[in-house]
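Asker: Would you mind keeping the following structure in view while I ask a few things?
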Amino acid sequence: MNGNSNILLIILAIAAVVVLGFLALKPSAPPATPEQPTPVEKPAKPEKPTEPQKPQEEPPAPSEQPTTPQKPEQPQQPTVQPLTGPIKNPDTLIVADLSDIDTLDPQFAYDTASGEIIFHVYDNLIMYDGPSTEKFLPMLATQVPSLENGLITENPDGSVVIRFPIRQGIKFHNGNALTAEDVAYSFQRLMLMDRSGGPSWLVLSPLLNVNTIADMAKVIEAERTGQNADEIDFQAVSPETLVATCERVKQAVRVNGNDVEFSLPKPFPPFLSIVAQSASWAAIIDQEWATEQGAWDGSCDTWKAHYDPQKENDPLYEKMNGTGPFMLERWDHATGDISLVRNDNYWRGPAKLARIVIKKVNEFSTRKLMLQNGDADIATINRKFVDQVDGTPGVRLIKGQLRMTLGFVLFNQKITKEGNPYIGSGQLDGNGIPPDFFSDIDVRKGFNYAFDWETFIREAIKNEAEQAKGPIPRGVQFFNPENPVYHLDLKKAEEHFKRAWDGQLWQKGFKFTAPYLVDDQASKTLFEILKRNLQKLNPKFDIETVNLEWSALLGQSVKGTLPVYSAGWLEDYHDAHNWVFPLMHSQGTYATATNMGTQYDALIDRGIKELDPTKRQEIYYELQRLAYEDAIAIFTDQPLGRHYQQRWVDGYYFNPIWPGRNFYPLSKRLDAKPNMEYVTQLGLVVEEW
Amino acid sequence: MNAARTPAALWAALQWTIQRLLDAVMAFMRALWDTLKQLLRNPLSTIGLLLLVFYALIALLAPVLAPPERPAAPYQIPQREIVRPFQAPQGKDVFETTPTPPSAHHVLGTTQDHYDIYYALIWGARNAFKLGIIIVLSTLLIGIVVGAISAYFGSWVDEILMRIVEIFLVFPFLLATLVLTTILGRGLDKIVIAFIVFGWPGYARFVRGEVLHVKENTYVEAARAAGAGHLRVIFRHVLPNAIYPVLVLASLDIGSIVLSASALSFLGLIPEGFADWGQLIGFSRNWILGTVQNPLEYWYTIVYPGLAISLFVLGWNLLGDAVRDIFDPRLRGARSRSS
Amino acid sequence: MLAYIARRLMFLPIILFGVTVLLFAMLQLLDPYERLSLYVRDPSQLRGGKEQLDRLIEKYGLADPLYLQYGRWVSKFVQGDFGWSETAKTTVLNGFLGRFPATVELTLFAIGPILFFAIWLGVISAVHHNRWIDQLTRVITILGYSLPSFVLGLVLLMAFYGLLSRHLPPLFSGWFSPGRLSEWAQQIASSEGFHAYTRLVTVDALLNGQWRVFWDAVGHLILPVMTLSYVNWAGFLRIMRSSMLETLRQDYVTTARAKGVEERRVIKKHARRNALIPIVTLSGFLVVGLLSGVVITETIFGYPGLGQWAAQAALQLDVPSVLGLLTFVTILFIVVNLIVDLLYAVVDPRVRLT
């Protein structure tokens, strides 16, 4: 029989598979004694991370304690093995990340992942001083404009001129020299391109007092023809108007010798932070090169052709030519990986690393293993999975980094009733809520008193957040550390709920659905905590949670059907205005969506026109107080970030205003040490294994 | 006419009808019994049957094996401190993200976000049966109607219907259901709808073949010659004779349907915390590499759900393999899987 | 023959039309703001309020009636412009060309084991019909058929990547890791000295004489290929077995045996060759099935191919990408069908194409 040998083969093969299988799974059987994440070694330096730090700006935040609760119990053992062995890829820094880069065109980009790349390839006029969130240093400009040095001048009519003297002798990557014209061109292109959903409004509104360039054109067309500006179709305006629009833009950003002058019709204090490094839209590009690539040539006759381009028609979508420390090497669309190489002629001195590779690795497990094997020097680790990574030999963790984001729950004060599945019966009958449910201040206060920050921050965020103190986060100028905050107090909550809706609410109860974005576990936990406390108060109070696809959540939020929003805000530019406006101004993103009304508008408008810091402080303190008094939202948390890297990465520090990490100061060496000056100054915690 | 109104005649008519019905049921049961007997002769299909009976018992007894926290929403996996078999979940809600190993409080451990694995497996079995049966019955119904009409009328009706069927079949099944479920918004009901929308054409084509086969038979010709209407011919004569193999075949698809559906929930198209095996495996994805000290630290997050779904599908396939042998060669390769 | 091919190809536009209209019709279940979620990808991009959202809707024509949107797509399609893929961050065509070779490579590597095991084991179990070896083969294949690819894939990852790879000599570093190439190999493969002849990394590495890159690529392929082939060979084995059983009963086999031809020869020369006919038919569909069926496998192993992209595009409702992929699958489906028919006519003289 011919089969005999075959049969033997099969049996052998099967036996091999079975044995292999057992071998592979064997260790899985016994771990009835699962070793809890083995004792985590202590920080190498016995620095006192949470002891009253000596911050120049802010007094210590009392709610910072939770960041280090597990510390004291563990024996102090500062015995971390010194690094030996070869450094993998000594000249290349590999980052395992998971975000999508949207575009490489600075004037198109409006997201942090793109911003991180642009940050390294292009330069801005000025930059932040290291980790400082307040102090500027000159960059492509030779001086930081201020009233004292005369580069900012206030005219009698209230308009302001800001002058930037441009540094000479700087070359773009392709060898072209940087000129003042390039700077002006970059800003003009930003304003005239005005891609929808893009960043152009940030510069348009202080310089031209409009939100879109189309609005500007409509106003000019209306002036010329006498029509009503609202009725004009931008696509149909006359060529003369287009030229006039462009002329106005060019008036707003002018070249004057070696200087570039910005004319603002009225004072706008945060203007410097709108153009400082980390603002990708204000990065400086080379006019000559851009024109060669097919971008706008700087002429007032042609700009319309480059207005609001689709990505496929944007010539700078995947090309870069800046003055920055790194040059674009490759952007691989199949994998999403991007690599940058060192610019040896960088005017601040070449970077220490020859190449940066940012790999897009969606799967957490892979990022983790890359870090573990030394294949990644820096990895993004979701907070959810930190237990799996802590204790990895050769890895350093820096935690407690303040992030410029806030989480909050907003109350929709005028919910859309039509086709709304989230408000039950739509009436105050115990089976739903009326559309104006949250317009009652006692309801909002009741919700605030029923929320348990401590549990939320402990369980949902693993203690790595601070309770938010209002609409302005810590680290932003005019943040009031003494602003009153709510805390869990069921007695007070009961008081307010009993008073709400003339006492009817307490009798009848309410029920509504709180939608949250899929995979947003923190928001889910948040609503569950709220629900648990509300039901303790009164069994007739009920919140259901439902997770929605992003598309559905977006659609519903535009329709205004969401009773509550669990949302966060990431600042566009570093100023208190960018926080109070979206949250409290009747035209701000969130305030519009929650129909908050116009009661704060006057105060907010006054704050942004004021140049005197003490007066501004008064205004913003008042706004923070009002946010508390009126309980406009539940301000949940300001997160503290983590940074995981190999111990051989040297020179790391972080500024929360940056769109991402800064690779310029980094190097890889065996004797790398954490940057202690930075760590102690900001009260961070370093752990290494 | 009058005579028919007398009680005796009515009684006779009723008796006749009941007799017919009983006959039909008996015939079906006999066929089923014959198949079953054949199946029990083979050890493999016996194992398959036993597995399925086991799962069916679990599914039926789910409320006893794992009493739900809220009877109104039994499929929501509890995240409580204590979830023991035969007891309602107790203790406070826990929002711990890291899985915890099997213990007295959680016999099979908890997965990500403190969802109890034991509870999820028990209710997952019920969910799998529910899902499989609903999808099979609905797709089959549509498939039978379309297939029968197409085959019986032939010519342009057939041509148009079969073109439509072809369009649906060209759509890659997984991609199609993925898109449709995403559009409808995640949820089990949405997955069911997507599976029905893209599942019927396969059956329609198969039923059409069977009907064409039966249509050739002389008794159908005879019925038509005797002046019976279209519907009557289709439903009285053609379908009953074509339907048995179709039914058997379709019911065996439950295994592969559950498999494909769990692929969707693996990709995250089901509400979080819904007792579905695929979702549990999706959760385990982030934990398979364990901790630095013990790479198999979180083994229970994948092993238990993986076993549950594999054995379930195995049961159906063991059975299906044997049944297809009995019905061979007509049933050969009627459906192939897409994941 | 030519007329037959022409007629079959005539169906292509009809089916293409049907498939794409179906997709567009499904999308109408969403309102314009929901469809906007492709361009405004997460809450942090929700800036500038409703005004900016409305501008975006107008820019992409999302509020236009179905026929207008479809017409726009068709008119671009006819000019060879498949649109822009937000998920691939490039044009649909480029996104496709960038990923297609990866999937082809994976598929090619998977087909080998599938056919080999199916034919080999199929013949054995038919020859030893109903004996224990037959039963054993059946158990193995049914097991394979029952293991969901996402379970098998994860378990393999756990065993090989999580556990085994840390005990392997450095020679195998990077083996079993997800993706297509290790970073260092990627560096070489994308350098200028490396000529991409076929864009299949394994083949290119050989042609460039880069053995280390070749082994790295093979190491990355092992786990996905194992997963794909194990869950797919069952169907083939079944068919091979029945077909073999059938041929073994044929007269000519009996005649050959009666003539005293050696059994081994009977099986190899006479029976097996004829039993292969249905396998030929099906391997055509295998190509189609694998190409659209790698979705889960590629997702698990982070393999940058069409399947992973398809899943991403579908989950984010990236219509242009899904349309592009559908068009491709449809064309492939019909062409493969055609080729299989033609092959059939060649293999089996009784079949006439009219």
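The values are calculated or read from the model by the stated rules, or taken from the named source; none is laboratory data. Everything numeric in this text was worked out from a predicted model, so none of it was measured. So basically every Cβ, Gly included, is an ideal-geometry build from the backbone, and we count neighbours across all protein chains shown.
Asker: Take A:Y590 and tell me if it is within 14 Å of another protein chain (Cβ to nearest Cβ), touching a residue at least 60 places away in the same chain (Cβ under 8 Å) and part of a helix (DSSP H, G or I).
Answerer: Spelling it out, A:Y590 is indeed within 14 Å of another protein chain (Cβ to nearest Cβ), touching a residue at least 60 places away in the same chain (Cβ under 8 Å) and part of a helix (DSSP H, G or I).
Asker: Right, next: If A:P156 meets every condition in (1) under 31 Å from the mean Cα position of the chain (by Cα); (2) without any contact (Cβ under 8 Å) to a residue 60 or more places away in the chain apart from one, which number is that one?
Answerer: For A:P156, the failing item is (1).
Asker: OK, next. Considering only segment B:72-91, I want to know if a residue exists there that is within 14 Å of another protein chain (Cβ to nearest Cβ), of a type in the set (K, R) and over 19 Å from B:Q279 (Cα atoms).
Answerer: For segment B:72-91, residues within 14 Å of another protein chain (Cβ to nearest Cβ), of a type in the set (K, R) and over 19 Å from B:Q279 (Cα atoms): absent.
Asker: Does segment C:195-214 contain at least one residue that is without any contact (Cβ under 8 Å) to a residue 40 or more places away in the chain, touching a Leu at 6+ places or on another chain (Cβ under 8 Å), part of a loop (DSSP other than H, G, I, E, B) and away from every other protein chain (no Cβ under 14 Å)?
Answerer: For segment C:195-214, residues without any contact (Cβ under 8 Å) to a residue 40 or more places away in the chain, touching a Leu at 6+ places or on another chain (Cβ under 8 Å), part of a loop (DSSP other than H, G, I, E, B) and away from every other protein chain (no Cβ under 14 Å): present.
Asker: Of the conditions (1) part of a loop (DSSP other than H, G, I, E, B); (2) away from chain B (no Cβ under 14 Å), A:F447 satisfies every one except a single condition; which number is it?
Answerer: (1)
Asker: Let me ask something else. Condition (residue is polar (S, T, N, Q), facing chain B (nearest Cβ under 10 Å), under 23 Å from C:N337 (Cβ atoms) and assigned to a helix (DSSP H, G or I)) applied to segment C:286-299: is it met by at least one residue?
Answerer: yes
Asker: Any residue at all in segment C:69-89 that's away from chain A (no Cβ under 12 Å) and either touching an Asp or Glu at 6+ places or on another chain (Cβ under 7 Å) or among the acidic types (D, E) (or both)?
Answerer: Within segment C:69-89, none of the residues are away from chain A (no Cβ under 12 Å) and either touching an Asp or Glu at 6+ places or on another chain (Cβ under 7 Å) or among the acidic types (D, E) (or both).
Asker: Hey, another quick one. So A:N533 passes all but one of these: (1) crowded, with 18+ Cβ neighbours inside 10 Å; (2) over 29 Å from A:R642 (Cα atoms); (3) within 14 Å of chain C (Cβ to nearest Cβ). Which condition number does it fail?
Answerer: Checking A:N533 against (1) crowded, with 18+ Cβ neighbours inside 10 Å; (2) over 29 Å from A:R642 (Cα atoms); (3) within 14 Å of chain C (Cβ to nearest Cβ), the one that fails is (3).
Asker: On to the next question. When the residues of segment B:93-105 are narrowed to those that are closer than 19 Å to B:T291 by Cβ and touching a helix residue (DSSP H, G or I) at 6+ places or on another chain (Cβ under 8 Å), which ends up surrounded by the most Cβ atoms within 10 Å (Cβ to Cβ)?
Answerer: Checked segment B:93-105; the qualifying residue surrounded by the most Cβ atoms within 10 Å (Cβ to Cβ) is B:P99.
Asker: Has segment B:64-74 got any residue that is modelled with pLDDT of 80 or more, within 19 Å of B:R126 (Cβ to Cβ) and assigned to a helix (DSSP H, G or I)?
Answerer: yes
Asker: Hey, A:Q388 hits all of (1) within 22 Å of C:S191 (Cβ to Cβ); (2) polar (S, T, N, Q); (3) in contact with a Ser or Thr (Cβ under 6 Å, 6 or more places away or on another chain) but one; which does it fall short on?
Answerer: (1)
Asker: Of the residues in segment B:142-185, how many are more than 8 Å from chain C (Cβ to nearest Cβ) and farther than 22 Å from C:L286 by Cα?
Answerer: Residues meeting the conditions: 23.
Asker: Could you grab me the full set of residues in segment C:138-159 that are facing chain A (nearest Cβ under 8 Å) and touching a residue at least 24 places away in the same chain (Cβ under 8 Å)?
Answerer: Scanning segment C:138-159 gives a single hit, C:L157.
Asker: Another question about this same structure. Could you figure out which of (1) within 14 Å of chain B (Cβ to nearest Cβ); (2) surrounded by fewer than 16 Cβ atoms within 10 Å (Cβ to Cβ) isn't true of C:E263?
Answerer: (1)
Asker: Against the conditions (1) facing another protein chain (nearest Cβ under 9 Å); (2) of a type in the set (G, A, S); (3) at positive phi, where does C:G162 fall short? Just the number, please.
Answerer: (3)
Asker: Kindly state which strands (runs of 3 or more DSSP E) lie completely within segment A:97-210 and contain at least 3 residues that are surrounded by fewer than 22 Cβ atoms within 10 Å (Cβ to Cβ).
Answerer: Result: A:136-138, A:152-154, A:160-165.
Asker: Assess whether A:L562 counts as being at pLDDT 85 or above, within 26 Å of A:Q467 (Cα to Cα) and within 13 Å of another protein chain (Cβ to nearest Cβ).
Answerer: yes
Asker: Go through (1) within 30 Å of B:S251 (Cα to Cα); (2) away from chain A (no Cβ under 13 Å); (3) part of a loop (DSSP other than H, G, I, E, B) for B:A120 and report which single condition fails.
Answerer: (3)
So that you can scan it fast, the table gives a plain yes or no per residue for (1) surrounded by 17 or more Cβ atoms within 10 Å (Cβ to Cβ); (2) more than 18 Å from A:E544 (Cα to Cα):
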| position | (1), (2) |
| --- | --- |
| A:Y449 | yes, yes |
| A:E459 | yes, yes |
| A:P471 | yes, yes |
| A:Q477 | yes, yes |
| A:N480 | yes, yes |
| A:Y486 | yes, yes |
| A:Q504 | no, yes |
| A:F510 | yes, no |
| A:D520 | yes, no |
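Asker: Among A:L192, A:L178, which is touching a Cys at 6+ places or on another chain (Cβ under 8 Å) and of a type outside the set (F, W, Y)? Walk me through how you get there before you give the answer.
Answerer: Numbers: A:L178 fails: touching a Cys at 6+ places or on another chain (Cβ under 8 Å).
Criteria check complete, one pass: A:L192.
Asker: For segment A:187-238, what are the residues that are more than 14 Å from chain C (Cβ to nearest Cβ) and basic (K, R)?
Answerer: Residues satisfying the conditions are A:R189, A:R224.
Asker: I'd like to know if segment A:233-240 contains one or more residues that are modelled with pLDDT under 90 and either buried (at least 20 other Cβ atoms within 10 Å of the Cβ) or in contact with a Gly (Cβ under 8 Å, 6 or more places away or on another chain) (or both).
Answerer: Yes.
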